[in-house]
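Bear in mind that the values in this text are calculations on the coordinates, not laboratory data. Keep in mind the model is a prediction, meaning the values are calculated, not measured. All Cβ positions, even for glycine, are placed from backbone atoms using ideal geometry, and neighbour counts span all protein chains on display.
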Amino acid sequence: MIQEPASHQQETGPDAESQATRRDADVTESSRANRGWWDRNADEYQVEHGTFLGDDRFVWGPEGLDEVEAELLGPPEDLKGRDVLEIGAGAAQCARWLATQGARPVALDISHRQLQHALRIGTSFPLVCADAGALPFADASFDLACSAYGALPFVAAPVLVLREVRRVLRPGGRFVFSVTHPIRWAFPDEPGPEGLSVSASYFDRTPYVEQDEQGRAVYVEHHRTIGDRVRDVVAGGFRLVDLVEPEWPVWNTSEWGGWSPLRGNLIPGSAIFVCERD
Ligand SMILES: C[S@@+](CC[C@H](N)C(=O)[O-])C[C@H]1O[C@@H](n2cnc3c(N)ncnc32)[C@H](O)[C@@H]1O
């Protein structure tokens, strides 16, 4: 059975002309497909989720965990004057919050259209259109890096991204990133009870691919088990200092694709990796 993508916007489903399958997709094909998908779907994504995300909140995922309470990047008073790279920034909501804390953010995304939404909302910091696998910055340019569901769920070579992030961080720097919790791969990505029964192997790493009639990928999502992610972090040159699995809060009654209060109360939906480099 084809597993529906976890961070894909399920309410829209695959593009009308595309077909969902499971097959390999390399670095280049994954990047090209996802750049196109996010360019085509950015408008709908921002209409659908912009209110929940807020223009200048730092939300780690559909549970609504806010950096104000989580402090995964450190105490807010320590953010002042820090150079922070946001990867897969979308409309740069997180970077905007960082700027309000006195940090100096740079928001990077592969999708030009997502960054146009960042411009529409307004920015006082640089926006960079680039692939997380080839960061256009000098070594040791940043104190901190963060990514809320940006890049990592979509790339074929996560270690490449982690090594790039390590390279642009200064010694002692921290990288915090959230992804779909790997356990979700084993369940249908449905918010209701049908999303509570295992339907696929957690251990099957074959990417989820939507392809057009010519067989060209138009959307790709890559699965890593929890163990894979830990090994990726270490192979990328980081120490893993925390792995946060946000619990579904009582106040959050919203659904986001397959994330819902029903499922959120039973199984984790997001995994947040807190990593440091020496
Ligand atoms: C689920 S959105 C998250 C954005 C934002 N944090 C939010 O919550 O709306 C994923 C973002 O990652 C970006 N992205 C996907 N693959 C990427 C890559 N290889 N390099 C940089 N950004 C990428 C997409 O364009 C999209 O804006």
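When Lys and Arg each count +1 and Asp and Glu each count -1, what net charge do the other residues less than 10 Å away from Pro268, Cβ to Cβ, add up to? Cβ neighbours under 10 Å give a net charge of -1. Spread over its residues, the convex hull of the C-alpha atoms of the stretch 13-90 is 155 Å³ per residue. Hey, what angle do you get for helix 27-53 against the long axis of the chain, alpha-carbon based, 0 to 90 degrees rounded to 10? On a 0 to 90 degree scale, this one is about 80.
What ranking of Glu17, Glu48 emerges when the number of other C-beta atoms within 10 Å of each C-beta is taken as an exposure proxy, fewest first? List each step's numbers first, then the result.
Numbers: Glu17 9, Glu48 16.
By the 10 Å Cβ count, ascending: Glu17, Glu48.
Rounded to the nearest 500, the 222 nm mean residue ellipticity of the chain from helices alone is -8000 deg cm²/dmol, with -39,500 (n - 2.57) taken per DSSP H run of at least 4 residues. Calculated translational diffusion coefficient of the stretch 65-171 (25 °C, 0.890 mPa s; Stokes-Einstein with Kirkwood radius over alpha-carbon pairs) equals 178 µm²/s.
Evaluate E = 1/(1 + (r/R0)^6) for Thr28 and Asp139, where r is the Cβ-Cβ distance and R0 equals 25 Å; express this FRET efficiency to the nearest 0.05. Working shown, then result.
Numbers: r = 25 Å, r/R0 = 0.98.
E between Thr28 and Asp139, to the nearest 0.05, is 0.50.
Taking amide H positions as modeled 1.01 Å from N, with prolines and chain starts lacking one, the residues under 5 Å from Ala145 and 5 or more places away or on another chain are Leu85, Arg174, Phe175, Val176. Between the amide H of Gly150 and those of Ser178, distances stay under 5 Å, these residues lying 5 or more places away or on another chain, with hydrogens modeled in the peptide plane.
Axis angle, to the nearest 10 degrees, between helix 112-121 and the longest C-alpha principal axis of the chain: 60 degrees. By how many degrees, 0 to 90 and rounded to 10, does the Cα axis of helix 226-235 deviate from the longest principal axis of the chain? On a 0 to 90 degree scale, this one is about 40. As a proxy for reagent exposure, ranking Ser254, Ser141, Ser31 by other Cβ atoms within 10 Å from fewest up yields Ser254, Ser141, Ser31. Each part reduced to its alpha carbon centroid, the stretch 140-194 and the stretch 91-115 end up 16 Å apart. Radius of gyration (Cα atoms) of the stretch 121-278, expressed as a multiple of 2.2 N^0.38 Å: 1.13.
Within the stretch 236-278, whose backbone N sits under 14 Å from a point 7 Å along Cα→Cβ of Thr51? From the stretch 236-278, the list is 253-256.
Assuming 0.36 nm per residue, please report the length gained on full extension of the stretch Ala235 to Ser199 beyond their Cα-Cα distance. Intermediate results must be reported in sequence, preceding the final value.
Values: separation 36, 0.36 × 36 = 12.96 nm, distance 3.07 nm.
My answer for the length gained is 9.9 nm.
By the Stokes-Einstein formula, at 0.890 mPa s and 25 °C, the chain with its Kirkwood radius over alpha-carbon pairs has D equal to 132 µm²/s. For a paramagnetic label modelled on Arg40 (point 7 Å from Cα along Cα→Cβ), amide N atoms under 16 Å away belong, within the stretch 91-119, to 111-114.
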